[in-house]
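First up is the structure itself, then whatever we jot down about it.
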Amino acid sequence: MEWFVRAFVKASLVWLALGVTLGVAMAAHPQAVIYRPAHVHMNLLGFVTMMIFGVAYHVLPRFAGHPLHSARLARWHWWASNAGLLAMVLGFALRPRVGSAATPVLAGGGLLSALGAYAFAYGIWRTLDGPAAARRARARVQASQGTPLPLASR
């Protein structure tokens with residue numbers, strides 16, 4: 001299993017534990033409900049999305065029959081997504097205390113998280129398509145056999 005696959009799954013579990021802990025704190029102390037946005041992002045971006053990223057990086061290349069487009073991009077994605085989410089959680093936690101002064105932290109984290117998601121989408125898309133050389137070879141074989149090309153290859 002690749003390093004980043006294991007790292008995404010482990011990060012997912014850490015975010016789950018943190019999100020659940022914050023949820024319990026909010027239940028025990030109703031005034032802590034001001035941290036709901038942090039709680040939601042810990043659970044959805046942290047647990048759910050990180051788990052999806054990790055499982056997808058492990059499973060989809062095998063299903064597609066192609067190697068992952070870029071392990072380097074996947075490693076960068078792990079760092080960007082986790083650093084971005086951490087900044088977002090800090091921004092959400094600071095916002096009730098410092099107001100709009102927390103906005104740059106929150107926005108920077110959101111941007112980094114979004115860039116990570118875009119990197120994931122790009123890398124998996126390219127993985128599903130397979131290496132360019134294999135796509136060109138398939139197109140040549142299909143053209144020589146008179147088989148119509150799939151829409152994605154045209």
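The values are calculated or read from the model by the stated rules, or taken from the named source; none is laboratory data. These numbers come from a predicted model, not from an experiment. Cβ placement follows ideal geometry from the backbone for every residue including glycine, while neighbour counts extend to all protein chains displayed.
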Residue check for Val59: closer than 25 Å to Gly130 by Cα and either modelled with pLDDT under 95 or among the aliphatic types (A, V, I, L, M) (or both): yes
Some residue of the stretch 61-68 being touching a Gly at 6+ places or on another chain (Cβ under 9 Å) and buried (at least 17 other Cβ atoms within 10 Å of the Cβ): yes
Residue pairs meeting the criteria (Cβ under 7 Å; at least 6 apart or on separate chains; first more than 18 Å from Arg36 (Cβ to Cβ), in the stretch 95-109; second aliphatic (A, V, I, L, M)): Gly108/Ala87
Where Arg72 falls short, out of the listed (1) within 26 Å of Arg126 (Cα to Cα); (2) surrounded by 15 or more Cβ atoms within 10 Å (Cβ to Cβ): (2)
Considering residues of the stretch 123-134 that are hydrophobic (A, V, I, L, M, F, W, C) and modelled with pLDDT of 70 or more only, the residue surrounded by the most Cβ atoms within 10 Å (Cβ to Cβ): Ile124
Qualifying residue in the stretch 135-151 (condition: at pLDDT 95 or above and hydroxyl-bearing (Ser, Thr, Tyr)): no
Search result, residues across the stretch 6-41 that are within 13 Å of the chain's Cα centre (by Cα) and aliphatic (A, V, I, L, M): Ala7, Val9, Ala11
Condition met for Trp3 (over 19 Å from Ser113 (Cα atoms), under 17 Å from the mean Cα position of the chain (by Cα) and either in contact (Cβ under 8 Å) with a residue 24 or more places away in the chain or surrounded by fewer than 19 Cβ atoms within 10 Å (Cβ to Cβ) (or both)): yes
Members of the stretch 69-78 found to be touching a residue at least 24 places away in the same chain (Cβ under 8 Å) and in a helix (DSSP H, G or I), listed by number: Ala71, Leu73, Ala74, Arg75, Trp76, His77, Trp78
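Each row is one residue, and each column tells you yes or no for (1) surrounded by fewer than 17 Cβ atoms within 10 Å (Cβ to Cβ); (2) at pLDDT 95 or above; (3) farther than 23 Å from Leu73 by Cβ.
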{"site": "Val9", "(1), (2), (3)": "no, yes, no"}
{"site": "Ala28", "(1), (2), (3)": "yes, yes, yes"}
{"site": "Ile34", "(1), (2), (3)": "yes, yes, yes"}
{"site": "Asn43", "(1), (2), (3)": "no, yes, yes"}
{"site": "Met50", "(1), (2), (3)": "no, yes, no"}
{"site": "Phe53", "(1), (2), (3)": "no, yes, no"}
